[in-house]
1. Can you pull out the chymotrypsin sites (Phe, Trp or Tyr not before Pro) in segment 1-35 that DSSP calls coil and that have at most 12 other Cβ atoms within 10 Å?
2. Using the Karplus curve 6.51 cos²θ - 1.76 cosθ + 1.60 with θ = phi - 60°, work out ³J(HN,Hα) for each residue of segment 42-54 in order, rounded to whole Hz, and write x for Gly and Pro.
3. Label residue 21 and residue 6 with points 7 Å out from Cα along Cα→Cβ: what is the distance between them in nm?
Amino acid sequence: MRETDNGVELEVSDNGKGIPAHIKNKVFEMFYRGNPIQTDQDLGLFIVKNALDKMKGKIRFESNQDKGHFVLC
């Protein structure tokens, strides 16, 4: 977490499988599942994006094989 001229930024990294390029534009959609065998509802990123939109915030991410990286600002 760091303070910027416009507020704060929070960076989050994980050790997940990463997000393939062909679905990157869908990860913030409600109930979108990048993996067809997943059993959870997949609302997490949808809720985060909507909350940030209401606060005039932003979320962006980078993803490579076996590595995810999100920045909330």
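Every read-out reported here was derived from the displayed coordinates using simple, explicitly stated rules and does not represent laboratory data. All values derive from a computational prediction rather than experimental measurement. Ideal geometry is used to build each Cβ from the backbone, glycine not excepted, and the neighbour counts take in all protein chains shown.
1. 31
2. 6, 9, x, 5, 4, 5, 4, 4, 5, 5, 5, 4, 5
3. Label at residue 21, label at residue 6, 2.6 nm between them.
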